[in-house]
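Report on the structure given below.
The values are calculated or read from the model by the stated rules, or taken from the named source; none is laboratory data. Everything numeric here is computed off the predicted structure, so don't read it as measured data. Positions of Cβ are generated from backbone atoms using ideal geometry, with glycine treated the same way; all protein chains shown enter the neighbour counts.
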Amino acid sequence: MNRIATWSPSVTTTITTEGMPITSVCTVSHPTLAAANLAASMRRWRLTSAAVVDSVADQRSAGWACWRGNAAGLGGWTFATRISLTTLQAPAATVIVSRL
């Protein structure tokens, strides 16, 4: 039986999670949909680091996502994501992430 976990865009600073909790070290926002380009036309969230040199924008699972296994046919996972990067500039960097 496959267990599916998703992270999806939502509103304000919330990311909808199902099956796998999330930890964010950044400011999360959800840009308004627009027709400017492919990235702008999809529901997405934006991660913005603090306006300090060498700060990070980090997101990770807040719990175990999978078991790697210790024998043939045990463990494993499939990972799918869609990522677009805006211009990375000092001191703050922005990354837009959209997951299906």
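Being at pLDDT 85 or above, among the hydroxyl-bearing types (Ser, Thr, Tyr), out of contact with any Phe, Trp or Tyr (no Cβ under 9 Å at 6 or more places or on another chain) and farther than 28 Å from residue 67 by Cα narrows it down to one of 12, 32, so name that one.
Working: 12 fails: at pLDDT 85 or above.
Answer to the check: 32.
Yes/no matrix, rows are residues, columns are (1) of a type in the set (D, E, K, R); (2) closer than 22 Å to residue 13 by Cα:
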position	(1), (2)
32	no, yes
43	yes, yes
56	no, yes
76	no, no
85	no, yes
Open item on the list: Step by step: first the residues of segment 60-86, then only those that are in a strand (DSSP E or B) and in contact (Cβ under 8 Å) with a residue 12 or more places away in the chain, then the one that is nearest to residue 27 (Cα to Cα). Which residue is that?
Closed with: 60
Task: Failed item in (1) modelled with pLDDT of 80 or more; (2) aromatic (Phe, Trp, Tyr); (3) loosely packed, with under 11 Cβ neighbours inside 10 Å, with residue 64 passing the rest - done: (1)
TODO: May I ask you to list pairs of residues, at least six apart or on different chains, whose Cβ atoms are under 6 Å apart, with the first in segment 4-33 being free of Cβ contacts under 8 Å to residues at least 24 places away in the same chain and the second being surrounded by 15 or more Cβ atoms within 10 Å (Cβ to Cβ) and of a type in the set (Phe, Trp, Tyr)?
DONE: 17/7; 28/45; 30/45
